[in-house]
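Written out below as structure tokens is the structure these notes cover.
The values are calculated or read from the model by the stated rules, or taken from the named source; none is laboratory data. Given the structure is predicted, the values throughout are model-derived calculations rather than measurements. Cβ placement follows ideal geometry from the backbone for every residue including glycine, while neighbour counts extend to all protein chains displayed. The protein model used for the area step is the full one, side chains on, heavy atoms only, and it has no ligands, DNA or RNA in it. Shrake-Rupley method; radii C 1.70, N 1.55, O 1.52, S 1.80 Å.
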Amino acid sequence: MASKLAPTLRPFLRAQQTSYHANGHGAFVPQVRKLVFEYCDNWASSTNLRTFIHNNIEKLARENPHVEFVVRQRSHREPVVRGFYINNRDKVIGLKGFEVNGIQQKVQLLLDSSGAKIKPLKRETVVSRNEAARGIWSGLHVEEPFRI
């Protein structure tokens, strides 16, 4: 007769409770790779972006060494910031009418974004493969035509 051996129990160690990295293998991989600021030197709509670039761009570049920052002058165009991502997508945000704090928020939005296409949060509409139980009503398919 074969004797049944008790199954060996492994100790459950706390180190086994760690979660696995999902973004990159063992490290966080930032999704944004380049930000391009485009402004006009003469237009008043670019004044706040020029102020933001003059006061904040160096600090922002030091805080985000993984991002390439490019400042480009575009004559007779509205101010924009373009974010380029590692999935070969880009997002463009117009900065006309924004104050310096608003520009900072939009730049932070691009830095935190993944570059994925924006999907609506609503569910898609339900499409039935079957006809309606009553069929489709038409005024042409009745015995007596519709009268007003």
Q | For Ser114, net neighbour charge (Lys/Arg +1, Asp/Glu -1) across residues whose Cβ lies under 14 Å away | A | +3
(Q) I'd like the Karplus ³J(HN,Hα) series for the range 86-92: coefficients 6.51, -1.76, 1.60, θ = phi - 60°, whole numbers in Hz, and an x wherever there's a Gly or Pro. (A) 6, 8, 6, 10, 9, 10, 10
(Q) Apply the Karplus curve 6.51 cos²θ - 1.76 cosθ + 1.60, θ = phi - 60°, to the phi angles in the range 47-60 and return the couplings in whole Hz, x for Gly and Pro. (A) 4, 5, 5, 5, 5, 4, 5, 5, 9, 10, 5, 5, 5, 5
Q: Compare Arg62, Arg134 by solvent-accessible area with a 1.4 Å probe and give them largest first, with all protein chains kept in place.
A: Arg134, Arg62
Q. So who's got an amide H within less than 5 Å of the one on Lys34, skipping anything under 5 residues away but keeping other chains? H placed 1.01 Å off N, in plane.
A. Glu68, Phe84
**Q.** Summed residue charge, Cβ within 11 Å of Gln105's Cβ, Lys/Arg positive, Asp/Glu negative
**A.** -1
